[in-house]
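K.L.:
Handing you a structure now.
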C-alpha cells in the first residue's frame, strides 16, 4: 500500500482552517479515485519535545504510487489541489511513498 | 488510535543507514511497550514536485497519546531513542497525534 501524507503548517486562522477542512476539503478529497482510506489528526500535533509547527496531518491510503499519481492528475485531484492552495494559509508539505508492515 | 511518525532526513551514507535500520533499529523499536503496528516506507519518499529531503518515514501505531508517552519513557524507548541518535546522521523529525478515519 502507498501513502500520501499531507502536513499542514499552523494556519493564520485555525478555526477558519478547521471549518473549511471539515466542511469542504474532506468531502472533496474523499472523491479522489483510488482512495482506500483517509485518516486525519485530531487535536494537537506535537513532538517529543513539545509543540510542533504543524496544525493537521492527513494520511491517505492508495494501492500503489501509480494510483496516487492518477489521483493527482484526475479532475478530482486538480480540484482538491486548488482547494488546498486556498485554505492552507500556513503552507503545506506532501510526501508520497510505498509502505509496508515490519 | 494515536500515531508516532518518524521522518528521517537523507543520511550521509544511505546503505549504512538502511543496514542499521533493518538489522538493529526495527528489532529494537518492535519491543516498545504498547506498539500496535509498525510501518516503514519502502523505496524513495517523494513529493508531488519530485524528490524530497527524507530518506525513510516510519509510522508507529499506539492506542493513545499516553501510550506513546509511556513507550518513550520505558527502558526500551530510551534504548530506541539512543539508537536513533547514532544512526540518524541526516537528522530526524518526530510527530505525535491522535488519528481518526474520515
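K.L.:
Could you grab the relative contact order for region B:1-61? Cα pairs under 8 Å, six or more apart, rounded to a whole percent.
P.N.:
Relative contact order comes out at 54 percent.
K.L.:
So how do B:20, B:25 line up by other beta-carbon neighbours within 10 Å, fewest first?
P.N.:
The most exposed by this proxy come first: B:20, B:25.
K.L.:
Could you work out the relative contact order of chain A, using alpha carbon pairs under 8 angstrom and six or more residues apart, expressed as a whole percent?
P.N.:
Over chain A, the number comes to 50 percent.
K.L.:
Further question: Just tell me how shielded A:9-22 is by partners: mean number of partner chain Cβ atoms within 10 Å of each residue's Cβ, no decimals.
P.N.:
0
K.L.:
Let me ask you something else. Which distances in nm, rounded to one decimal and ordered from shortest, link the label point of residue B:49 to the equivalent label points in the other identical copies, with labels set 7 Å from Cα toward Cβ?
P.N.:
2.6
K.L.:
Let a ≥ b ≥ c be the square roots of the eigenvalues of the Cα gyration tensor of chain B; is it rounded (a/c under 1.5), or, if not, prolate (a/b larger than b/c) or oblate?
P.N.:
Oblate shape, in that a/c is at least 1.5 and b/c is the bigger or equal ratio.
K.L.:
For B:65, A:22, which order do you get if you count the other beta carbons within 10 Å of each Cβ and list the fewest first?
P.N.:
By the 10 Å Cβ count, ascending, the order reads A:22, B:65.
K.L.:
For chain B, what does the helix formula give at 222 nm: sum of -39500 (n - 2.57) over DSSP H segments with n ≥ 4, over the residue count, nearest 500 deg cm²/dmol?
P.N.:
-9000 deg cm²/dmol
K.L.:
Test of understanding: ordering B:87, B:54 by Cβ neighbours within 10 Å, fewest first, what list do you get?
P.N.:
B:87, B:54
K.L.:
Related question: Within 10 Å of each Cβ in A:35-43, how many Cβ atoms from other chains are there, averaged over the peptide?
P.N.:
4
Readers should treat all values here as calculations from the given coordinates under stated rules, not as data from a laboratory. Keep in mind that what you see is a predicted model, and the values were worked out from it rather than measured. Cβ coordinates were reconstructed from backbone atoms using ideal geometry, including for glycine residues, and neighbour counts include every protein chain displayed.
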